[in-house]
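Each remark here refers to the structure printed beneath this line.
The values are calculated or read from the model by the stated rules, or taken from the named source; none is laboratory data. Please read these numbers as outputs of a predicted model, since none were measured by experiment. Positions of Cβ are generated from backbone atoms using ideal geometry, with glycine treated the same way; all protein chains shown enter the neighbour counts.
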Amino acid sequence: MRMVAGMCSRPPTSSTGSGFHPACCEIRLENVSGEQFLGRAVTMKQIGVWVLQPECLMLPSGELVSQHDLLVEGDQIAAIVPRGRVPEGAVVHEATGMTLLPGLIDSHVHLTFSADGDMVRHLVEEGPAAQTERALDNARRTIVGGVTTVFDCGGRTDVMLAVREALSGEGAQGPTTLVSGAPITTSEGHCHWLGGGADSEDEVLAMARALAAAGVDMVKIMLTGGNVTHGSNPRMLQYPLDLLKALSGVCRELGLPLVVHAHTEAAVLMAASAGAQVVVHATCQNGDGEISLAEPTVAALLDSGIVVDATVTVGALTDFPGATPRAAYRHEQRRAMLPVFARLAVAGVPLLAGTDAGVPGVQPGRVGDAVIALHREVGIDLSAALLAATRTPAEVLGRGGQVGSLAVGMQADLLLVNGDVRTDVEAMRRVHSVWRGGRMVVSAGALLPVPEARM
């Protein structure tokens with residue numbers, strides 16, 4: 001990526017809603033070398049308006065276009081302009097051969113999880129300090145993967161609130177992090193070791209209110225069992241529909257999205273009927289473990305407006321540290337679910353590109369892999385796959401006015417990948433540069449040092 005001074009003599013004729021005024025964008029570079037500008041995140045805000053000039057750019061609609069430039073002022077997106085209309089004197093970053101996207105959003109991560117076969121043992125045996133350290137390390141790996149926002153869908157509440165705070169500072173080396181805290185589950189249910197045990201309806205609703213009082217950003221419930229908890233059966237319901245509906249009502253009162261973990265078709269239907277915002281996994285198993293999806297379930301999903309987080313990266317790998325024979329089973333289960341996700345997409349049910357990062361076999365920062373899988377293996381349009389990792393999760397989970405698209409006034413969370421994704425979707429794996437709030441945090445695929453101003 002090369003920096004030059006803008007030389008266009010035809011600046012835009014009107015200001016934008018973000019406060020950008022063409023008459024005010026002349027930039028003085030006498031004391032700022034290219035190396036300093038690209039290597040020190042603090043300099044971007046110091047010199048004002050700057051421009052990215054990529055080969056391909058994703059519009060807020062999801063359309064991928066050529067010959068367009070992005071203007072950034074401070075920590076916000078100021079404008080998208082046709083090539084050749086950059087304000088005179090603006091600093092231009094030439095990104096020849098690259099694609100510019102909004103920073104990716106991982107709608108389903110577990111930052112405290114270790115992604116290996118010993119994941120549960122680590123969580124049970126380690127204290128808060130060790131879990132926090134792992135979460136921050138995973139956060140650094142996540143943003144190197146081009147992910148600037150994550151929704152952590154299960155960790156110890158105290159730990160994840162502390163991690164969120166640590167990652168909220170201006171010099172944070174990681175994504176903006178939104179948290180559910182401990183997922184609500186039965187006292188011996190899936191992920192009970194995270195501290196969210198609640199059995200009766202009264203206990204579940206009290207847990208939701210306690211989580212809200214603690215300051216979480218969403219509520220997650222384990223409607224079925226899961227695959228990583230000893231003794232838990234993913235084909236068994238943990239709660240009845242009436243309880244789920246009551247919880248959904250409380251979440252609406254609290255102003256928090258409800259995320260439902262579901263591994264059976266019955267649970268998927270319940271999540272839609274209860275008014276949840278997101279159903280995760282949606283594995284659609286029946287009683288004997290086979291995958292099935294009836295038309296009434298598809299219709300219920302469409303009618304409810306619920307979004308399916310497909311977590312297509314789970315089961316993609318079978319060879320990873322500590323892998324057990326169950327990894328092969330999860331791989332086959334994933335293969336059987338791909339046509340179901342394709343059917344949902346054709347019907348018009350929105351999909352998300354959450355990864356479930358942290359569970360065995362799923363490393364942090366792999367949203368690009370999820371986009372590729374949704375496009376190639378599920379068969380959805382590339383723009384739709386990209387929206388599943390950007391605008392759609394932001395809107396569904398309450399951050400649509402802040403992140404998720406390259407719209408004017410949005411936070412300047414940006415991703416440059418090496419290649420034109422329209423002809424080479426593998427470019428999603430080749431992260432070059434990442435900005436969070438207008439501050440470069442990744443350059444040439446590597447995490448930049450903490451800015452000196454924050455040291």
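A few points about this structure:
- Residues in the range 308-361 that are outside any helix (DSSP H, G or I), among the charged types (D, E, K, R) and more than 20 Å from Ala271 (Cβ to Cβ): Asp319 only.
- Filter pass, Thr142 being assigned by TED's automatic domain parsing to the domain that holds Leu374, assigned to a strand (DSSP E or B) and touching a residue at least 40 places away in the same chain (Cβ under 8 Å): no
To keep it simple, each residue is scored yes or no on (1) more than 22 Å from Arg376 (Cβ to Cβ); (2) basic (Lys, Arg).
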site: Asp309; (1), (2): no, no
site: Phe320; (1), (2): no, no
site: Pro325; (1), (2): yes, no
site: Ala328; (1), (2): no, no
site: His331; (1), (2): no, no
site: Arg335; (1), (2): no, yes
site: Val340; (1), (2): no, no
site: Val346; (1), (2): no, no
site: Pro350; (1), (2): no, no
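- In the set (1) in a loop (DSSP other than H, G, I, E, B); (2) under 23 Å from the mean Cα position of the chain (by Cα); (3) not β-branched (Val, Ile, Thr), the condition left unmet by Gly89 is number (2).
- Qualifying residue in the range 108-116 (condition: part of a strand (DSSP E or B) and in the same structural domain as Arg422 (by TED's automatic domain parsing)): no
- Residue count for the range 121-138 under the criterion of being out of contact with any Leu (no Cβ under 6 Å at 6 or more places or on another chain), in contact (Cβ under 8 Å) with a residue 40 or more places away in the chain and surrounded by 21 or more Cβ atoms within 10 Å (Cβ to Cβ): the result is 1.
- Candidates Val228, Val268, filtered to the one that is within 26 Å of Ile105 (Cβ to Cβ), modelled with pLDDT under 95 and either in contact with a helix residue (DSSP H, G or I) (Cβ under 6 Å, 6 or more places away or on another chain) or outside any strand (DSSP E or B) (or both): Val228
- Of all the residues in the range 181-200, those that are assigned to a loop (DSSP other than H, G, I, E, B) and either under 19 Å from Leu256 (Cα atoms) or not assigned by TED's automatic domain parsing to the domain that holds Asp217 (or both) number 5.
- Residues (part of a strand (DSSP E or B) and either touching a Lys or Arg at 6+ places or on another chain (Cβ under 8 Å) or at positive phi (or both)) located in the range 63-78: Leu64, His68, Asp69
- Breaking point among (1) of a type outside the set (Ser, Thr, Tyr); (2) surrounded by fewer than 24 Cβ atoms within 10 Å (Cβ to Cβ); (3) farther than 30 Å from Ala342 by Cβ; (4) at pLDDT 95 or above, for Arg436: (2)
- Of the residues Val150, Val159, Val204, the single one that is assigned to a strand (DSSP E or B) and either of a type in the set (A, V, I, L, M) or surrounded by fewer than 18 Cβ atoms within 10 Å (Cβ to Cβ) (or both) is Val150.
- Residue list for the range 237-270, restricted to those being free of Cβ contacts under 8 Å to residues at least 24 places away in the same chain and either crowded, with 21+ Cβ neighbours inside 10 Å or closer than 21 Å to Val298 by Cα (or both): Pro240
- For the range 412-421, the count of residues that are modelled with pLDDT of 95 or more, in contact with a Phe, Trp or Tyr (Cβ under 7 Å, 6 or more places away or on another chain) and small (Gly, Ala, Ser) is nonzero.
- Cβ-Cβ distances below 8 Å connect the following pairs, each with a first residue in the range 325-353 that is in the same structural domain as Asp381 (by TED's automatic domain parsing) and touching a residue at least 12 places away in the same chain (Cβ under 8 Å), a second residue that is charged (D, E, K, R) and part of a helix (DSSP H, G or I), and a separation of six or more residues or different chains: Leu338/Glu377.
- Hey, Thr355 polar (S, T, N, Q), within 21 Å of His110 (Cβ to Cβ), out of contact with any Cys (no Cβ under 8 Å at 6 or more places or on another chain) and surrounded by fewer than 19 Cβ atoms within 10 Å (Cβ to Cβ) or not: no
- Pairing residues of the range 168-179 that are under 11 Å from Thr148 (Cα atoms) with residues that are hydroxyl-bearing (Ser, Thr, Tyr) and part of a strand (DSSP E or B), at Cβ distances under 7 Å and at least 6 apart in sequence or on separate chains, gives Pro175/Thr148; Pro175/Thr149; Thr176/Thr148; Thr176/Thr149.
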